[in-house]
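The values are calculated or read from the model by the stated rules, or taken from the named source; none is laboratory data. Since this is a predicted model, take the numbers as computed values, not measurements. Glycine gets a Cβ as well: all are built from the backbone with ideal geometry, and neighbour counts include every protein chain shown.
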Amino acid sequence: METMVGKTKLSLVQGDITQQDTEAIVNAANTGLLGGSGVDGAIHRAGGSEILEECKAIRAKQGGCPTGQAVITTGGRLKARYVIHTVGPVWSGGGKREEELLKGAYDSSLTLAKERDIRSIAFPSISTGAYRFPIEPAARIALSTVRDFLRGHSFSEVRFVLFSEKDLQVYEDCWKELSSTQAD
């Protein structure tokens, strides 16, 4: 699915985040920035040791990346020039600011991309894998946060890359719902 939000193309696709040809991809990282499972492990494996070495330098400088924040490295061997590493919240039932922290992860990533003059960015579904954030509210937060950010900023493209057809359908349904309740 593709639509325009202001001057920015918003795309929802099924695929592999490591294969995206956007200028930056977003990594659903952990606070330690040393790789892990899911999206994080796949990006570190595909991007190579350069990404890990830059993450180690960030850790040495600032001690990792807090939940809801983002840091940036080069893309190593990836097609993307940059990787924006953001830490989403672990779902604990909704009483530990998870929604606010997830919104922060998207906002921090977009802000960092704008600061670096990045024109195209691809997001995975942050926190919905190993961190168990329910996909429907996560999709709603992701899409509404991006939509709201794009009201004041523009990119050539913001892409959501969903691993499964089921996840893609959830994002498409959430976008239709958001679009019908509020004008872009």
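Summary of computed values
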| read-out | value |
| --- | --- |
| Members of the stretch 1-24 found to be crowded, with 16+ Cβ neighbours inside 10 Å, hydrophobic (A, V, I, L, M, F, W, C) and not in a strand (DSSP E or B), listed by number | Ile17 |
| Whichever residue in the stretch 21-59 is in contact (Cβ under 8 Å) with a residue 40 or more places away in the chain and over 18 Å from Ala105 (Cβ atoms) and, among such residues, is nearest to the chain's Cα centre (by Cα) | Glu23 |
| Identity of the residue in the stretch 148-175, part of a strand (DSSP E or B) and not aliphatic (A, V, I, L, M), that ends up surrounded by the fewest Cβ atoms within 10 Å (Cβ to Cβ) | Glu157 |
| Condition met for Ser164 (more than 22 Å from Pro66 (Cα to Cα), polar (S, T, N, Q) and either touching a residue at least 12 places away in the same chain (Cβ under 8 Å) or touching a His at 6+ places or on another chain (Cβ under 9 Å) (or both)) | yes |
| Of residues in the stretch 26-41 being among the hydrophobic types (A, V, I, L, M, F, W, C) and either surrounded by fewer than 19 Cβ atoms within 10 Å (Cβ to Cβ) or assigned to a strand (DSSP E or B) (or both), the one modelled with the lowest pLDDT | Leu34 |
| Considering residues of the stretch 42-69 that are among the aliphatic types (A, V, I, L, M) and closer than 18 Å to Val161 by Cβ only, the residue surrounded by the most Cβ atoms within 10 Å (Cβ to Cβ) | Ile43 |
| Residues (polar (S, T, N, Q), within 20 Å of Val83 (Cα to Cα) and either assigned to a loop (DSSP other than H, G, I, E, B) or out of contact with any Lys or Arg (no Cβ under 6 Å at 6 or more places or on another chain) (or both)) located in the stretch 126-147 | Ser127, Thr128 |
| Residue match in the stretch 44-52 (condition: in contact with a helix residue (DSSP H, G or I) (Cβ under 7 Å, 6 or more places away or on another chain) and closer than 22 Å to Ser144 by Cα) | no |
| Filter result for Ser120 (buried (at least 24 other Cβ atoms within 10 Å of the Cβ) and within 14 Å of the chain's Cα centre (by Cα)) | no |
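Table: residues versus (1) of a type in the set (Phe, Trp, Tyr); (2) under 19 Å from Gly41 (Cβ atoms); (3) in contact with a Phe, Trp or Tyr (Cβ under 6 Å, 6 or more places away or on another chain).
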| site | (1), (2), (3) |
| --- | --- |
| Gln69 | no, no, no |
| Thr73 | no, yes, no |
| Arg81 | no, no, no |
| Ile84 | no, yes, no |
| Gly94 | no, no, no |
| Leu110 | no, no, yes |
| Arg151 | no, no, no |
| Asp173 | no, no, no |
